[in-house]
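Structure, as structure tokens:
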Amino acid sequence: MMAGLFGTDGVRARINTGPMTAEAVVRLALAAGRWFADHNDRSSNARPIVVIGKDTRLSGYMLESAMVAGFTSIGLDCRLLGPIPTPAVAHLTRSLRAELGVMISASHNPHHDNGIKLFGPDGFKLDDDIEAGISALAAGSIELANAPDLGRARRMLDSVGRYVEFAKSTLPGRTRLDGLKLVVDCANGAAYRTAPDTLYELGAEIVPLSVSPDGFNINENCGAVHPQMMATAVVAHGADAGICLDGDADRLIMADETGKIIDGDQILG
């Protein structure tokens with residue numbers, strides 16, 4: 001089952017099927033933890049750290065627990081970020097000097113799907129050869145840590161604040177958004193706190209949409225896959241622009257002040 005485990009965007013499936021069962025995810029964490037523990041070339045004797053973020057799917061709690069069980073069994077310490085965007089996991093992997101970052105999300109898919117994306121210490125997707133090495137380990141016997149060497153897990157209560165400050169710092173100079181009214185559709189997903197908080201702290205007036213996740217309503221008739229609600233709200237509220245994110249906030253659709261939807265290609269252009 002573990003052969004060819006990784007696809008083009010990590011591991012993804014309907015929850016409780018194939019690679020998205022608790023058993024399979026523990027196995028993945030054991031293999032990934034073993035690979036990074038064996039390749040940890042840091043001079044410090046401290047245990048390697050893995051940061052784990054997720055979106056707002058109910059199944060994320062189950063998968064998070066499975067990942068923690070696997071990683072701590074190998075001897076890695078886990079920092080649990082809670083619901084947070086995929087780019088935040090990449091950033092915090094680097095800033096916390098972690099060996100590995102994990103995002104539990106199926107992006108724009110419905111709530112019944114979920115997935116796992118792994119990041120290296122540089123905050124980028126793992127190279128194919130590392131993924132192949134992890135898959136090979138998952139198919140065999142994996143050495144576990146001795147009892148005194150088990151990893152520890154703790155929740156980071158300031159993960160959202162850390163990322164908001166980083167996001168604000170990426171704007172040039174002293175850029176502010178004072179005087180702008182923005183509609184922000186967070187898809188009931190991972191950015192339901194970070195996106196409104198960041199834009200508000202930069203001075204914008206925010207009209208928040210889809211910021212009440214219940215574990216099941218992620219991407220449901222909202223967000224980047226369904227931008228029309230955002231576009232309609234821009235006109236209704238007399239906003240200057242609208243922003244739509246998907247479930248893990250790595251996809252963006254916008255609308256101008258007339259409600260005209262602007263896709264990613266136009267934004268990049």
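A short reminder: the numbers here are calculations on the coordinates, not readings from a lab. Given the structure is predicted, the values throughout are model-derived calculations rather than measurements. When we count neighbours, we look across all protein chains shown, and the Cβ atoms used for this are built from the backbone with ideal geometry, even at glycine.
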Scoring the chain by relative contact order with C-alpha pairs under 8 Å, at least six apart, yields a percentage of 20
Given all pairs of distinct Cα atoms, the range 141-240 yields a Kirkwood Rh in Å of 16.0
Pseudo-spin-label distance residue 124 to residue 260, built 7 Å along Cα→Cβ, given in nm, is 3.7
Exposed-loop cut sites defined as trypsin sites (Lys or Arg not before Pro) in DSSP loop states with at most 16 other Cβ within 10 angstrom; longest site-free run of the chain spans 177-259
per DSSP, antiparallel bridges as share of beta bridges in the chain, % nearest 5, sits at 40
Note: the range 136-178, point scatterers on Cα, Debye, no solvent; log10 I/I(0) at q = 0.16 Å⁻¹ equals -0.69
Cβ density ranking, 10 Å radius, fewest first, applied to 210, 169, 159 yields 169, 159, 210
Computed on Cα atoms, the radius of gyration and Dmax of the range 11-161 in angstrom are 14.1, 43
note: the chain, Cα-Cα separations exceeding 30 Å make up a percent value of 31
Of all lysine pairs in the chain that are eight or more residues apart or on different chains, those with Cα atoms under 17 Å apart total 4
Spelling it out for residue 209: with amide H atoms placed in the peptide plane at 1.01 Å from N, the residues 5 or more places away or on another chain with amide H under 5 Å from its amide H are 184, 185, 186
Note to self: C-alpha centroids of the range 111-146 and the range 14-70 sit apart, in Å, by 8
When all Cα-Cα pair distances of the range 211-257 are considered, the percent exceeding 17 Å is 32
